[in-house]
Amino acid sequence: MKKKVLREIKKHNLFPSGAKILLAVSGGPDSLCLLHLMSEIASELNITLHIVHVNHGLRPESKMEALFVKKEACRLRIPVTVCSVDVAALKQKGRFSAQDAARRARYAVIRKTARRIGASCIATAHHRDDRAETLLLRILHGGGLDGLAGISREREISAGLMLVRPFFNISRKDIEQYCRMHKLRPVMDSSNEEYDHYLRNRVRLRLLPFLEKEFGCHIRLSLVKSADLLLMDRNLLYSFVENIYCDVVSSMDNGGVKIDLNKLMCFSSALQLRLLRMAMWSSGIERASVTHSRQLLALANNSSPSARIFLPGGIKAVRRYAELMLERSDCVLPPAPYDGIELIVPGRTVLPDGMVIVAAVISASKASLPLTDRNEAYFDWALLEKPLIVRTRQPGDRMEPLGCGGTRKIKDILIDRKVPLDRRGSIPLVLSGDAVVWLGGVEISHPFRVTSETKEILHLRLNLCREEDL
């Protein structure tokens, strides 16, 4: 088995020379086998090891397992990190199942530990039988190609951090035999024998033995072969979609993503769903399902240009006319309104939300008309009542847009200009007395426009970036 694992590691270059590897060890047969085998071949691979054990606190023997892993680490002279997590609290807070909450907590600890110690790879003991069981589970759940492809040999779980499975083609029987040969005494997880509680246990203890009995002992290898073929097809399809993705989806400064709906709608529904799922992965949703993709597609087709839905992981999807934004919920909180801020002329007025209005009075002979940037505006300085006041919009606000020939509601102007709903509350209004002079970055008022009679011009410029970025 040692030669087989070494061959697998070298063939696929799973561990770069000189790398630090974080071993996820529970203390069971699989992870204990991984720990001992990796300790034997570490020098040959020129890698260093560090152990991480996560105590989920779900069973009475959890503390004993943590102590066992510590002792094994000391015996093998390998550094170890043991962490306890409150799975019950996470389950209640996120409304996850106990198994899903434990998995999320476990991987959060593992990623944090990897960053702390500078590990580039995380090694887990998932093996060939796990892959066969996973394929059957996904079939029973009704999974698509991504689900049926199952467990991969390696995948990137965060920037610069790979999750690697050296036992990818090793059977459970090989692992058990290794433990017997080396007289390893792993701790046994009693929950693995609880038939009634977990579907995976029923697949392992009942379904697979039944299939072997009825259709032959080769059934596990056949399932793994199918999983390998599905994984190849999935990877091919992923590469195809990835080439289209960059033209449809772009990254935002807050870590979210922006989807161009006009481009998205040019593709077939199957490709639309795949692009949306890839966008969800990019936004930080770990388990983006086809159901979530369909919800996003329904949002994209919604008649409301400002509809929104909530997705797992604290992500909110917001429709903004021809764009769909996926971002963390705390990134799209409505701005706080403000009122009565005197505009400094000449000078810079910093607004409560961090934006800045820069004002200057210039001679009409020096002005360059017309302006092409809506974030800049010219006004007849002599017609303005001083001081000018800046505030956010209020119910019933009206103005006379340039060339309109009458007043209109600010709300209707913003809708016509397709200003996103969540941005409307932050747009500054510059007032001369009770009259709206400028709807910042959107529209200027006709009565205060520059004419041939204007001698002095008020030049306003709205900086959308925050004051600390200027």
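For the chain, what is the mean residue ellipticity at 222 nm derived from helices alone (per DSSP H run of n ≥ 4: -39500 (n - 2.57); sum divided by total residues; nearest 500 deg cm²/dmol)?
Details: 16 runs with 182 residues, N = 470.
After summing the helix terms and dividing by residue count, I get -12000 deg cm²/dmol.
A 23 angstrom limit on the alpha carbon distance is what I want to check against. Which of 258/409; 4/225; 2/183; 386/418 exceed it? Numbers along the way, then the final one.
Working: 258/409 30 Å; 4/225 18 Å; 2/183 15 Å; 386/418 31 Å.
Beyond 23 Å: 258/409; 386/418.
Which log10 I(q)/I(0) values does region 14-93 give at q = 0.15, 0.27 Å⁻¹ under the Debye formula, counting every alpha carbon as one identical point scatterer?
Treating every Cα as an identical point scatterer, log10 I(q)/I(0) equals -0.56, -1.29.
Between residue 188 and residue 375, how many nm apart are label points set 7 Å from Cα along the C-beta direction?
Roughly 6.8 nm, to one decimal.
Which trypsin sites (Lys or Arg not before Pro) from region 356-461 combine a DSSP loop assignment with at most 12 other Cβ atoms within 10 Å?
Taking region 356-461 and a limit of 12 other Cβ atoms within 10 Å, the loop trypsin sites (Lys or Arg not before Pro) found are 418, 455.
Of the beta bridges DSSP finds with both residues in the chain, what % are antiparallel, to the nearest 5? Write out the running numbers ahead of the final one.
Values: 53 of 69 bridges.
Approximately 75 percent, going by the DSSP bridge assignments.
How long are the semi-axes of the ellipsoid equivalent to region 252-331, from square roots of 5 times the Cα gyration tensor eigenvalues, in whole Å, largest first?
Numbers: eigenvalues 59, 42, 25 Å².
One finds semi-axes of 17, 15, 11 Å for region 252-331.
Per residue of region 276-290, in order, report the coupling 6.51 cos²θ - 1.76 cosθ + 1.60 (Karplus, θ = phi - 60°) as ³J(HN,Hα) in whole Hz, putting x for Gly and Pro.
Going residue by residue, I get 5, 5, 5, 5, 5, 4, 5, 7, x, 7, 5, 10, 7, 9, 5 Hz, with x marking Gly and Pro.
Would you list which aspartates and glutamates come within 15 Å of residue 63, measuring only between C-alpha atoms, while excluding same-chain residues fewer than 8 positions from it?
By straight Cα distance, residue 63 reaches 72, 86, 189.
For region 341-469, what are the per-bin percents of Cα-Cα distances with bins 10 Å wide, up to the bin holding the maximum?
Final binned percentages: 12, 47, 35, 6, 0.
Can you tell me the dipole magnitude for region 130-178 around its Cα centre, using point charges on the Cβ only (Lys, Arg +1; Asp, Glu -1), in Debye to the nearest 20? Let's see the in-between values first.
Details: 7 positive and 7 negative charges, 12 e Å.
About 60 debye.
Only residues of region 125-154 count here: report those whose backbone N is under 16 Å from the spot 7 Å along Cα→Cβ of residue 1, or say none.
Once the point is set 7 Å along Cα→Cβ of residue 1, 125-131 turn out to lie under 16 Å by backbone N, inside region 125-154.
Taking Rg/Rh (Cα atoms, Kirkwood Rh) as the quantity of interest, determine which of (1) 1.05; (2) 0.97; (3) 1.13 was computed from the displayed structure.
So the calculated entry is the one marked (3).
Would you please give the residues with an amide H less than 5 Å from that of residue 21, counting only those at least 5 places away or on a separate chain, with H modeled from the backbone geometry?
Those lying under 5 Å, H to H, from residue 21 are 48, 49, 50.
So what's the angle, to the nearest 10 degrees on a 0 to 90 scale, between helix 219-248 and the longest Cα principal axis of the chain?
20 degrees
Compare the Cα positions of 142, 29, 224 along the charge dipole of the chain (+1 at Cβ of Lys, Arg; -1 at Cβ of Asp, Glu; about the Cα centre) and return the one farthest towards the positive end.
Most positive-ward Cα: 29.
Rg (Å, one decimal) plus Dmax (Å, integer) for the alpha carbons of region 104-179?
14.3, 39
Quick check on region 2-216: of the DSSP beta bridges with both residues there, what percent are antiparallel, nearest 5%? Could the numbers behind the result be given before it?
On the way: 4 of 20 bridges.
In region 2-216, DSSP labels about 20 percent of beta bridges as antiparallel.
Would region 2-216 count as rounded, prolate or oblate if I go by the C-alpha gyration tensor, calling it rounded below 1.5 in a/c and otherwise prolate when a/b exceeds b/c, oblate otherwise? Spell out each step's value before the answer.
On the way: a/c = 1.37, a/b = 1.18, b/c = 1.17.
Taking the square roots of the gyration eigenvalues as a ≥ b ≥ c, region 2-216 is rounded.
Which percent of Cα pairs goes in each bin when the distances of region 151-263 are cut into 10 angstrom slices starting at zero?
Per 10 Å bin, starting at zero, the Cα-Cα P(r) for region 151-263 comes out as 10, 23, 32, 18, 14, 4, 0 percent.
Hand me the GluC sites (Glu not before Pro) from region 421-460 located in a DSSP loop with no more than 11 other Cβ atoms within 10 Å, in residue order please. Numbers along the way, then the final one.
Details: sites: 443, 453, 456; in loops: 453.
When the GluC sites (Glu not before Pro) of region 421-460 are filtered for loop state and at most 11 Cβ neighbours within 10 Å, 453 remain.
Looking at 459, 395, 64, which one has the Cα that reaches farthest to the positive end of the dipole of the chain (charges on Cβ: Lys, Arg +1; Asp, Glu -1)?
Value: 64.
Bear in mind these aren't lab numbers, they're just calculated from the coordinates by the rules spelled out. Computed from a predicted structure; not experimentally measured. Methodologically, a virtual Cβ is constructed for each residue, glycine included, from the backbone with ideal geometry; neighbour enumeration extends over all protein chains shown.
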